[in-house]
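Trainee: Below is the structure I would like to discuss, written out as structure tokens.
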Amino acid sequence: MENRIASYTIAELAVGLRHDQFKITDLVEESLQSIERGNDLHAFISIFSKESRQAAKAQQSLLGNGYDLGPLQGIPIAVKDNIDDTQGATTYGSSIFGGHQVSQDALVVNRLKAAGAIIVGKTNLHEFAWGGTTSNPHYGVAKNPWDESRIPAGSSGGSGIAVAKRMVCAALGTDTGGSIRLPAAMDGVCGIRPTLGDLSIDGIFPVAWTMDTVGPLCSNAEDVEMLLAVMKGKLHSFTPVRPSNLTGLRIGIIKDYAITGLQAAVRTAFEDALALLQKHGAELVVLPLPGVEEVVNAQLVVDAVEPSAAHYQLMRDHADDYGADVLSRLRAGCDLTGVEYVQAQRFRLRFRQEMEQLFRQVDVVLTPTLPFTAPHIGATSVPISDGSTVSTLSGNMKYTAIPSMSGVPAMSIPIGFDQDGLPIGMQVIAPAHREDTALGLAKRYQQLSEFHKRLP
Amino acid sequence: MGTGTINDVRSTSGEPDHFKTPLNEDSAGVSKIWKDKAEELSDYVSHWVSYQDGMIISVQDGFNETDASSNQRS
């Protein structure tokens, strides 16, 4: 069977469907078969085979009779299982919620369905989205599609795998401290964390509610843009941004932070990406970001206390039903004081102002998405090229914490591979509400490189 | 701030210690790591506050430095 999902963007598939080159039922069948072939990767918790085939027939009939719902009509999409969907169980990655039926779709799911998208399944995640490995003790240890001995990152690991293997055209993830961008980077796909508060998180189980966001993972920037538009409620039309004109574009590089403490391959890929953008006219501006050395500490405090508050009763009633790592972190969050939480939130206010100041001087800020490529399953630390090691938990937040704590949007795009063939991502950070700036740069970079087209 | 080249970007200042700490998976170890990080942050944030004779005399929050005495009732 032809793999159209791997070959075309959503817009191209939409054109093909409207010119009768293939049918929605073909696309959905292709998606379901691909999911079945990749079963060992543990990307999915629920698969809606029967429902998806029925929906495909219904959408094909609608489209054939002139009811055109827009470009997402009939497109197979997956949804992370901490996002409510009435179609099947919503487990939040926890055995406590095994078989849990919700009465209402999350708003973003409702919008996807209204646009005619076909939700083919719910993806695996780190339990309650509180962790970065997607080694889920209840629904399977998710595996990186590029090397199955390694993690796909998390917490949206199943969504990263599903897109990397082109099981679906897009998958929804959630991002508190990096949970969309980290799997995007480690699995070799694109993923965006939108501006904090711009997209409704109604119907999504909270991790840290002052940081939680929802966004899409896709194989390319064009699809990310389309998903984002529909999720924002622009169901039928939007104006795509053009690839950035790099001439005169001012790219901020954080002084003494952007390329320190990286694995050698990550550093090389990032420097190569900068050099490519510079060669095509972009101006690199090296500038300090006060407070950046403390941003992970602040994130870890907020990102510990708020989940512990959200789980306060549940973890007492069901402590034995949690995985050991998540329970440890939830207990750690209970040990922090109110003063420490307030200090972290004070830091955050100040850091956001520092970011606003920075964006008066540059159009975007670029960093690696994280300092290393995918660690082995079970690893708690990762070697860095200077002979030292970094913690997989706090180390992978080194760059993703910057947008998470300041609330600005950020996108991870593929920029290369290491010596073991593992993907490397670059984080494009834009000013608040300027997702278009990040998307424009991502589109331009895609014109200059082929990394986003490689398949595991 | 200045317009830079790749070579400018290559300057390094070493690695913050907190990235080198492996995460212990036992609860007590995790709690200690978190408390250590919270203390580091609190030390950092406390530098925004200036004291004199045991009294807060100014609070630097964001870009605005507030004279604490102006908030006191006369």
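Trainee: Check whether at least one residue in segment A:15-38 is under 26 Å from A:E450 (Cα atoms) and open to solvent by 30 Å² or more (accessible area, probe 1.4 Å), and report yes or no.
Mentor: yes
Trainee: Every residue in segment A:47-56 that is open to solvent by 20 Å² or more (accessible area, probe 1.4 Å) and outside any helix (DSSP H, G or I), please. Can you show your working first?
Mentor: Here is the first cut: in segment A:47-56, the residues open to solvent by 20 Å² or more (accessible area, probe 1.4 Å) are A:47, A:49-51, A:53-55.
A:I47 - this is the single residue of segment A:47-56 that is open to solvent by 20 Å² or more (accessible area, probe 1.4 Å) and outside any helix (DSSP H, G or I).
Trainee: Return only the number of the condition from (1) touching a strand residue (DSSP E or B) at 6+ places or on another chain (Cβ under 8 Å); (2) within 14 Å of another protein chain (Cβ to nearest Cβ); (3) modelled with pLDDT of 95 or more that A:K279 does not satisfy.
Mentor: (1)
Trainee: Please specify each residue of segment A:317-361 satisfying the condition of being more than 7 Å from chain B (Cβ to nearest Cβ), in a helix (DSSP H, G or I), hydrophobic (A, V, I, L, M, F, W, C) and out of contact with any helix residue (DSSP H, G or I) (no Cβ under 8 Å at 6 or more places or on another chain).
Mentor: Scanning segment A:317-361 gives A:V342, A:L358.
Trainee: Here is a further query. Looking at A:A275, is it of a type in the set (A, V, I, L, M), open to solvent by less than 20 Å² (accessible area, probe 1.4 Å) and free of Cβ contacts under 8 Å to residues at least 24 places away in the same chain?
Mentor: Numbers: of a type in the set (A, V, I, L, M): yes; open to solvent by less than 20 Å² (accessible area, probe 1.4 Å): no; free of Cβ contacts under 8 Å to residues at least 24 places away in the same chain: yes.
When the stated conditions are applied, A:A275 does not pass them.
Trainee: Counting only residues that are at the interface with chain B (Cβ under 9 Å from one of its Cβ atoms) and open to solvent by less than 30 Å² (accessible area, probe 1.4 Å), how many does segment A:282-293 have?
Mentor: Initial filter on segment A:282-293 (at the interface with chain B (Cβ under 9 Å from one of its Cβ atoms)): A:283-288, A:291, A:293.
Narrowing further to those that are open to solvent by less than 30 Å² (accessible area, probe 1.4 Å): A:284-287, A:291.
The qualifying residues number 5.
Trainee: Moving on to the next point. Could you run through segment A:371-380 and say how many residues are surrounded by 15 or more Cβ atoms within 10 Å (Cβ to Cβ) and within 11 Å of chain B (Cβ to nearest Cβ)? Outline the logic, then answer.
Mentor: Of the residues in segment A:371-380, the ones surrounded by 15 or more Cβ atoms within 10 Å (Cβ to Cβ) are A:371-375, A:377, A:379-380.
Now drop any that are not within 11 Å of chain B (Cβ to nearest Cβ), which leaves A:371-372, A:379-380.
Residues meeting the conditions: 4.
Trainee: Within segment A:91-104, how many residues are in contact (Cβ under 8 Å) with a residue 24 or more places away in the chain, under 23 Å from A:G215 (Cβ atoms) and open to solvent by 30 Å² or more (accessible area, probe 1.4 Å)? Spell out the reasoning first.
Mentor: Taking segment A:91-104 first, the residues in contact (Cβ under 8 Å) with a residue 24 or more places away in the chain are A:91-96, A:98, A:102, A:104.
Narrowing the set further to residues that are under 23 Å from A:G215 (Cβ atoms) leaves A:91-94, A:102, A:104.
In the following step, the residues that additionally are open to solvent by 30 Å² or more (accessible area, probe 1.4 Å) were identified as A:104.
Summing the residues that are in contact (Cβ under 8 Å) with a residue 24 or more places away in the chain, under 23 Å from A:G215 (Cβ atoms) and open to solvent by 30 Å² or more (accessible area, probe 1.4 Å) in segment A:91-104 gives 1.
Trainee: Continuing with this model, one more query. So is A:S308 open to solvent by less than 20 Å² (accessible area, probe 1.4 Å) and touching a Cys at 6+ places or on another chain (Cβ under 8 Å) or not?
Mentor: For A:S308, the condition - open to solvent by less than 20 Å² (accessible area, probe 1.4 Å) and touching a Cys at 6+ places or on another chain (Cβ under 8 Å) - is met.
Trainee: Name, by its number, the condition in (1) out of contact with any Pro (no Cβ under 7 Å at 6 or more places or on another chain); (2) within 14 Å of chain B (Cβ to nearest Cβ); (3) within 25 Å of B:K37 (Cα to Cα); (4) not β-branched (V, I, T) that does not hold for A:S404.
Mentor: (2)
Trainee: Separate question: Would a scan of segment A:158-175 turn up a residue that is under 12 Å from A:A410 (Cβ atoms) and not β-branched (V, I, T)?
Mentor: yes
Trainee: Return only the number of the condition from (1) modelled with pLDDT of 95 or more; (2) open to solvent by less than 10 Å² (accessible area, probe 1.4 Å); (3) over 21 Å from the mean Cα position of the chain (by Cα) that A:A265 does not satisfy.
Mentor: (2)
Trainee: Let me ask something else. Every residue in segment A:242-278 that is of a type in the set (S, T, Y) and touching a Ser or Thr at 6+ places or on another chain (Cβ under 6 Å), please.
Mentor: The initial filter retains those residues of segment A:242-278 that are of a type in the set (S, T, Y), namely A:244, A:247, A:257, A:260, A:268.
If the condition is that a residue be of a type in the set (S, T, Y) and touching a Ser or Thr at 6+ places or on another chain (Cβ under 6 Å), then A:T260 is the only one that fits.
Trainee: Does segment A:132-175 hold any residues that are surrounded by fewer than 24 Cβ atoms within 10 Å (Cβ to Cβ) and within 18 Å of A:S95 (Cβ to Cβ), and which are they?
Mentor: A:S135, A:P137, A:H138, A:Y139, A:G140, A:V141
Trainee: Please indicate, with yes or no, whether at least one residue in segment A:63-77 is in a helix (DSSP H, G or I), open to solvent by 10 Å² or more (accessible area, probe 1.4 Å) and out of contact with any strand residue (DSSP E or B) (no Cβ under 6 Å at 6 or more places or on another chain).
Mentor: First pass over segment A:63-77, keeping only residues in a helix (DSSP H, G or I): A:63-64.
Going one step further and asking which of them are open to solvent by 10 Å² or more (accessible area, probe 1.4 Å), we end up with A:63-64.
Remaining after also requiring out of contact with any strand residue (DSSP E or B) (no Cβ under 6 Å at 6 or more places or on another chain): A:63-64.
Within segment A:63-77, one or more residues are in a helix (DSSP H, G or I), open to solvent by 10 Å² or more (accessible area, probe 1.4 Å) and out of contact with any strand residue (DSSP E or B) (no Cβ under 6 Å at 6 or more places or on another chain).
Trainee: Taking the options A:L448, A:L349, name whichever one is under 22 Å from A:N297 (Cβ atoms), open to solvent by 10 Å² or more (accessible area, probe 1.4 Å) and among the hydrophobic types (A, V, I, L, M, F, W, C). First the steps, then the outcome.
Mentor: Values: A:L448 fails: under 22 Å from A:N297 (Cβ atoms).
Testing whether each residue is under 22 Å from A:N297 (Cβ atoms), open to solvent by 10 Å² or more (accessible area, probe 1.4 Å) and among the hydrophobic types (A, V, I, L, M, F, W, C) leaves just A:L349.
Residue-by-condition table, conditions (1) surrounded by fewer than 16 Cβ atoms within 10 Å (Cβ to Cβ); (2) aromatic (F, W, Y); (3) within 14 Å of chain B (Cβ to nearest Cβ); (4) touching a His at 6+ places or on another chain (Cβ under 8 Å):
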| site | (1), (2), (3), (4) |
| --- | --- |
| A:A229 | no, no, no, no |
| A:L235 | no, no, no, no |
| A:N245 | yes, no, no, no |
| A:I251 | no, no, yes, no |
| A:A258 | no, no, yes, no |
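Trainee: Against the conditions (1) farther than 16 Å from A:P403 by Cα; (2) surrounded by 21 or more Cβ atoms within 10 Å (Cβ to Cβ); (3) touching an Asp or Glu at 6+ places or on another chain (Cβ under 8 Å), where does A:A332 fall short? Just the number, please.
Mentor: (3)
The values are calculated or read from the model by the stated rules, or taken from the named source; none is laboratory data. Please read these numbers as outputs of a predicted model, since none were measured by experiment. In this analysis, Cβ positions are derived from the backbone assuming ideal geometry, glycine residues included, and neighbour counts consider all displayed protein chains. Areas reflect the complete protein model, heavy atoms only, side chains present, ligands, DNA and RNA absent. Shrake-Rupley method; radii C 1.70, N 1.55, O 1.52, S 1.80 Å.
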